[in-house]
Amino acid sequence: MTDQYAVFGNPINHSKSPVIHRQFAEQTGQDLHYAKQLVEVDAFVKTAQAFFAEGGKGLNVTIPFKVEAFHFAQQLTPRAQCAGAVNTLALQADGKILGDNTDGIGMVHDMHNLGWELRGKRILVLGAGGAVRGILQPVLAEHPSQVIIANRTVSKAEELAAHFHDLGDVKAKAFEALNGEQFDIVINGTSASLSGDLPPLPNGLLSSNASCYDLMYGAEPTVFLKWAAEQGAVELADGLGMLVGQAAEAFYLWRQIRPEVVPVITALRRQLNEKKSS
Ligand code: NDP
């Protein structure tokens, strides 16, 4: 029987994961089926149990189930443990369900593909929600000189800085306290872009060769990326490469084959642009 995979979320219609995994399967000659499934908000555990009981091999998990998936997993990778959230579940040979978090490593791999170096860099991370929780361990593993987390609700940034304190130099700040600071890389992990908003950032925040990354992606540059261009950022990227990168890590966990991400990112970007012009 063809191996079954799926992504669970609510909402789920917008998910590009089936398209991405179909392309990975074609590219690597793997026989698998990948579906998207809308799961009622109170039904994650029972739906996931049924999926694996019926022979399912692996799941991706998106909003709002990443913390429930963390508790559902019977084993955790160190990065999932660190993040406190799971976006990938994999049936192991011993029948146990392993939980992983591939979001952060997906972003770091995307930055590598873009030729961005994180080692020794001063990095500003905006936001302190689930996505930022997922990226901090892989970012700190690249040995930046310092990571500052700035968030609207400063206590959440402080909580994260304390949680990741052992992994590197990481501190919390309020947006207002960024005046006079300079960073080599700024990562927007807030959901402000979704509503076309920009966190209150001071001018002069970017160093002379700065790179700016927005976790959100779309056909048009986000408000944050427009701001970054105006402020003189040298490199800009949105989160499409992260989306494909996290999927590639999940695919690797399930199939032990690493797919190529660049052709898939290129195809998705083309689709986004075609939608824009149609
Ligand atoms: P959460 O809801 O967990 O966190 C949202 C964060 O954004 C909080 O820190 C919140 O601050 C902040 N925020 C929201 N609105 C504003 C605003 N107007 N001004 C300043 N700060 C604001 O969301 P996630 O962490 O799950 O997702 C964050 C973003 O990352 C989303 O845009 C999502 O699409 C993207 N994402 C992209 C992925 C990819 O593969 N490309 C993967 C995962 C996420 P406060 O704490 O004060 O409320």
**Prompt:** Check Leu76: other-chain or 5+ apart residues with amide H under 5 Å from its amide H, H built from backbone geometry?
**Reply:** Gly99
**Message:** How large is log10 of I(q)/I(0) for the range 107-152 at q = 0.15, 0.21, 0.32 Å⁻¹ when the intensity is taken from the Debye formula with one equal scatterer per alpha-carbon?
**Reply:** -0.36, -0.70, -1.26
**Message:** I'd like the distance between the alpha-carbon centres of the range 86-111 and the range 127-189, rounded to an integer number of Å.
**Reply:** 22
**Asked** If each residue's Cβ is checked for other Cβ atoms within 10 Å, how do Arg255, Arg22, Arg270 rank with the fewest at the top?
**Response** Arg270, Arg22, Arg255
**Message:** From the P(r) of the chain, could you give the percentage of C-alpha pairs in the tail past 25 Å?
**Reply:** 46
**Prompt:** What is the set of long-range amide H partners of Lys36 at a cut-off below 5 Å, with H atoms built 1.01 Å from backbone N?
**Reply:** Val7
**Longest segment of the chain lacking GluC sites (Glu not before Pro) that sit in a DSSP loop with at most 11 other Cβ atoms within 10 Å** = 55-278
**Complete:** Cα-based Rg then Dmax for the range 104-238, in Å, read 13.3, 38
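Values in this text are rule-based calculations from the coordinates and carry no lab data. Owing to the predicted nature of the structure, the values given are computational and were not obtained by experimental measurement. Here the Cβ is made from the backbone with ideal geometry for all residues, glycine too, and neighbour counts use every protein chain on show.
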